[in-house]
């Protein structure tokens, strides 16, 4: 069964229109933490099973909601061809190593992100069954929907583990989501809160259950475009890190979004450095068109300190940007930032909040959340240029180029090396797909010479692009 082109986050469409939909790009899928994880399926085949299709009604819905797509985007989706280097079924993968490296036309490989990230649940579930089987029954005793139960059974069957009794209780899950949704809607008002948790869910169907609960609680906007279509909600989203990486500098990326789309822009501040680059450049552009109601979006680092600087600099420039806060937000953080907003003189309609894992996966019940393993999907190469995300948080540095994993099978050294496609193997190592299903001796992972060189070059180029 094909997957609708709407089954992704809204910012994938805005970034495609402000970027190069047919450019050859590479993304990689990895866990930043969590120890060795076993992959219960062939990763390349799994990724290819997620490829979408788009029809006239899908594109009409996008156009109705300020995401009219050009012929280049449609061609990228229609072509449907990607090259995937992925972990084979049964392989153990270490933190930072690529679970999958995906190359193809920009719009298509970018589109895949939230659905590829949902594989975090299957991988964690298989790992739990292998490492801690006595905890398995409790983790899956109650699931959120029929599709979620099917995911559990399929995953356990793939690794030869008999599934325990699994009870579906969608109403209980919806109630847990609704309780949290109502809490934040009561604090800030439903119109100032939006949902961004598709990538944290176990499957699309579970996310639909959660969205229904959010809507009932007064939250009517979501980044999940298919969810918005099915539940008569409003799809939202403008910019992610890949867009800034693609352009190589904050200014070029921000101006591309501003000048290639007529809708309001939201400038993501932290791809390189929030206070030294992202924020001052965003405010400079906002000052050029102060009535456009463009926004600034905070992500990593100390957001309270960044917010204070942003308000101070905005006041000096005489501009009033809209503030968007969403990374890892919960009700307590919402209360703190509402107090900061009132103290700073920021109007209510100038501050909005996005909620993802706290609403969607922390209420799921198993504890196998995306945050537990820090699952990410990042742009590593655009055209012939290797790129990285640096951000204010060193733990969020990504890998450049076309990364592949090597596993040590003899001699000494780290268990894993993140190398580049085509790089000669180091003695004592084989490519991950040739290593079999043996768990690594430890969690040590290093960069190969080629990857390290690309990283140094990418960092130098990114810093040169700052002002």
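The values are calculated or read from the model by the stated rules, or taken from the named source; none is laboratory data. On a predicted model such as this, the values are computed, not experimentally measured, just so you know. Neighbour counts run over all protein chains shown; Cβ positions are idealised from the backbone, glycine included.
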Segment 302-318: number of residues that are closer than 25 Å to residue 371 by Cβ and crowded, with 18+ Cβ neighbours inside 10 Å: 3
Some residue of segment 231-241 being surrounded by fewer than 20 Cβ atoms within 10 Å (Cβ to Cβ) and more than 23 Å from residue 299 (Cα to Cα): yes
Enumerated strands (runs of 3 or more DSSP E) restricted to segment 353-427, each holding at least 2 residues that are farther than 29 Å from residue 296 by Cβ and in contact with a strand residue (DSSP E or B) (Cβ under 6 Å, 6 or more places away or on another chain): 403-408, 416-420
Some residue of segment 308-321 being touching a strand residue (DSSP E or B) at 6+ places or on another chain (Cβ under 7 Å) and closer than 19 Å to residue 238 by Cα: yes
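Here's the yes/no breakdown for (1) surrounded by 20 or more Cβ atoms within 10 Å (Cβ to Cβ); (2) under 26 Å from the mean Cα position of the chain (by Cα); (3) in contact (Cβ under 8 Å) with a residue 24 or more places away in the chain:
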| position | (1), (2), (3) |
| --- | --- |
| 360 | yes, yes, yes |
| 386 | yes, yes, yes |
| 399 | yes, yes, yes |
| 425 | no, no, no |
| 441 | no, no, yes |
| 460 | no, yes, no |
Selection status of residue 454, touching a helix residue (DSSP H, G or I) at 6+ places or on another chain (Cβ under 7 Å) and more than 18 Å from residue 43 (Cβ to Cβ): no
Segment 335-358 - residue that is more than 17 Å from residue 190 (Cα to Cα) and surrounded by fewer than 16 Cβ atoms within 10 Å (Cβ to Cβ) and, of those, nearest to the chain's Cα centre (by Cα): 336
Meets criteria (surrounded by fewer than 21 Cβ atoms within 10 Å (Cβ to Cβ), assigned to a helix (DSSP H, G or I) and out of contact with any strand residue (DSSP E or B) (no Cβ under 9 Å at 6 or more places or on another chain)) for residue 287: yes
Unique residue being under 25 Å from the mean Cα position of the chain (by Cα) and either surrounded by 14 or more Cβ atoms within 10 Å (Cβ to Cβ) or within 20 Å of residue 239 (Cα to Cα) (or both) when the list is 332, 299: 299
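Of 396, 459, 389, which residue is touching a helix residue (DSSP H, G or I) at 6+ places or on another chain (Cβ under 6 Å) and at pLDDT below 95?
Checking each option against the conditions leaves just 389.
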Tally of residues being buried (at least 17 other Cβ atoms within 10 Å of the Cβ), assigned to a loop (DSSP other than H, G, I, E, B) and without any contact (Cβ under 8 Å) to a residue 40 or more places away in the chain across segment 30-87: 1
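Any chance you could count how many residues in segment 1-25 are assigned to a strand (DSSP E or B), buried (at least 21 other Cβ atoms within 10 Å of the Cβ) and out of contact with any helix residue (DSSP H, G or I) (no Cβ under 7 Å at 6 or more places or on another chain)?
Going through segment 1-25 one residue at a time, the tally reaches 0.
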Verdict on residue 135 being assigned to a helix (DSSP H, G or I), farther than 22 Å from residue 197 by Cβ and in contact with a helix residue (DSSP H, G or I) (Cβ under 7 Å, 6 or more places away or on another chain): yes
In segment 169-202, the residues that are farther than 19 Å from residue 9 by Cβ, outside any helix (DSSP H, G or I) and touching a helix residue (DSSP H, G or I) at 6+ places or on another chain (Cβ under 6 Å): none
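Can you name every residue in segment 214-226 that is buried (at least 24 other Cβ atoms within 10 Å of the Cβ) and within 18 Å of residue 184 (Cβ to Cβ)?
Result: 214, 219, 222, 223, 224.
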Test: residue in segment 319-327 that is surrounded by 22 or more Cβ atoms within 10 Å (Cβ to Cβ) and in a helix (DSSP H, G or I): no
Filtered residue count, segment 138-168, keeping only those that are outside any helix (DSSP H, G or I), touching a residue at least 24 places away in the same chain (Cβ under 8 Å) and farther than 19 Å from residue 92 by Cα: 10
